[in-house]
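Below you'll find the structure, written out as structure tokens, and then a few comments.
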Amino acid sequence: MNQEIHRRQFLGTMASSAFLAVSGSSGKAKPESADPVPSSSPSAADQGSNGSREVRLERLHPNEIKLAMQQCPVLFQPLGTIEWHGLHNITGLDAVKAHHLCVRAALRGGGLVAPPLFGGVGGLNEPYTFVMEPEDDVHSVLVRAWVEKLCREAVRQGFKAVIILTGHYGAAQQVVIRDLAVRLSRSLGVPVLGTPEYFLALDVGYHGDHAAWGETSLMLYLDAKSVDLSRLGNPPHQGVGGRDPREATRADGERLAETIIGRLARLAQQMPKWDDDAQRRFIAAEAALVNRQMSLAASEKVIWAGWRNIGKGVFSEYGRLLVEQKFDEIVALTAKL
Ligand SMILES: [Zn+2]
């Protein structure tokens, strides 16, 4: 039976297990915000306060870019799209969220942040949603080509690592971004990571949702003015997939966001310094992950097949293993997907 699982149904299914994971693990996994910051890095002036260092590429003069690249030659590329995110969230949530996370990570760990790209693979069949390519199209030509070219230009300008963070995550968008990152890592000779932000917060209970508890909590922490829960009304909430967003809190958003930001900052510090062996093992891990996701989707004719066990916690250690460069253990975990 080729029973298709639609994204909203799938995310709804995942939400219950995500909720269990939160209740069961709260307090165990520590947010990484407490990691020591090397003295060469900017101080913890990453709270969005006035006077913090400018890391947005498009807002910098040439000498400022040169100096920042001498300190940490990493470029963050946030991705998202324009998509309905419930009555309580803005349509640009995915890219705005990813951009906030990247800016705070760059302030903490170094690196610069490219302007966010609005336009991704897929999108809900809801109003005010720009669907650039079909929801399940792992053979993307528009998004793949554009993001690949952005990364190639980053490397041509001297960046020694690229972190592509997608805040928009249909299954195909995730596959396309991780797959192109693997291919670019091989062809460019510098590490390129392409991941949705929630993969770095699986162990603190966020398994990805759509405009539900997770995304809404993140925005309450990162961009509170963009959220208006009073517009939400009672369930069922139109175009929302996951745990009820009325349960979203700034504190939950802080826990998820700080885990993600801490890991991104550590990756920014590490990735330009990886030797050939580390790069090779990184590529092997990321390739194993995306190959597993693609092969399950192809064999089972269900695009989300590779995510079925995420809610059970089988891949929760991914973020920690990545920053600890335990790439071989990530390869082993992919068999459990
Ligand atoms: Zn979203």
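The values are calculated or read from the model by the stated rules, or taken from the named source; none is laboratory data. It should be emphasised that the depicted structure is a prediction, and the values quoted were computed from it without experimental measurement. Cβ sites come from the backbone with ideal geometry, for glycine too, and all protein chains shown count toward neighbours.
Which of the residues that make up the range 96-132 are closer than 16 Å to Ala171 by Cβ, touching a residue at least 24 places away in the same chain (Cβ under 8 Å) and surrounded by fewer than 21 Cβ atoms within 10 Å (Cβ to Cβ)?
Passing the criteria: only Met132.
State whether one or more residues within the range 112-123 are within 19 Å of the chain's Cα centre (by Cα) and over 29 Å from Met271 (Cα atoms).
Yes, because at least one residue in the range 112-123 is within 19 Å of the chain's Cα centre (by Cα) and over 29 Å from Met271 (Cα atoms).
Out of (1) within 12 Å of the ligand (Cβ to nearest atom); (2) assigned to a loop (DSSP other than H, G, I, E, B), the odd one out for Leu218 is which?
If we test Leu218 against (1) within 12 Å of the ligand (Cβ to nearest atom); (2) assigned to a loop (DSSP other than H, G, I, E, B), just (2) comes out false.
If the requirement is being closer than 24 Å to Glu83 by Cα, over 18 Å from the mean Cα position of the chain (by Cα), part of a helix (DSSP H, G or I) and modelled with pLDDT of 95 or more, which of these qualifies: Arg281, Arg246?
Answer to the check: Arg246.
For the range 276-306, which positions are in contact with a Phe, Trp or Tyr (Cβ under 7 Å, 6 or more places away or on another chain) and under 17 Å from Tyr169 (Cβ atoms)?
Once the filter is applied, which keeps residues that are in contact with a Phe, Trp or Tyr (Cβ under 7 Å, 6 or more places away or on another chain) and under 17 Å from Tyr169 (Cβ atoms), the range 276-306 yields only Trp304.
Can you find a residue that is out of contact with any strand residue (DSSP E or B) (no Cβ under 6 Å at 6 or more places or on another chain), within 17 Å of Leu202 (Cα to Cα), touching a residue at least 24 places away in the same chain (Cβ under 8 Å) and surrounded by 20 or more Cβ atoms within 10 Å (Cβ to Cβ) anywhere in the range 294-303?
no
Any residue that is assigned to a helix (DSSP H, G or I), in contact with a Phe, Trp or Tyr (Cβ under 7 Å, 6 or more places away or on another chain) and within 16 Å of the ligand (Cβ to nearest atom) - is there at least one of those in the range 137-149?
no
If I filter the range 270-277 for residues that are charged (D, E, K, R), within 16 Å of the ligand (Cβ to nearest atom) and not in a loop (DSSP other than H, G, I, E, B), do I get at least one hit?
no
Being touching a Lys or Arg at 6+ places or on another chain (Cβ under 6 Å) and crowded, with 19+ Cβ neighbours inside 10 Å is the filter here; which residues of the range 307-322 pass it?
Gly319
Quick check on my filter: what residues within the range 201-241 are of a type in the set (S, T, N, Q) and either surrounded by 24 or more Cβ atoms within 10 Å (Cβ to Cβ) or modelled with pLDDT under 95 (or both)?
Correct list: Thr216, Ser217, Asn234.
For Glu153, are the conditions met, namely being among the acidic types (Asp, Glu), more than 19 Å from Arg59 (Cα to Cα) and surrounded by fewer than 21 Cβ atoms within 10 Å (Cβ to Cβ)?
Criteria not met by Glu153.
Would you check which residues across the range 77-95 are within 13 Å of the ligand (Cβ to nearest atom) and under 20 Å from Ala268 (Cα atoms) and list them?
Pro78, Leu79, Ala95 - these are the residues of the range 77-95 that are within 13 Å of the ligand (Cβ to nearest atom) and under 20 Å from Ala268 (Cα atoms).
Determine whether Leu165 is assigned to a strand (DSSP E or B) and within 14 Å of the ligand (Cβ to nearest atom).
yes
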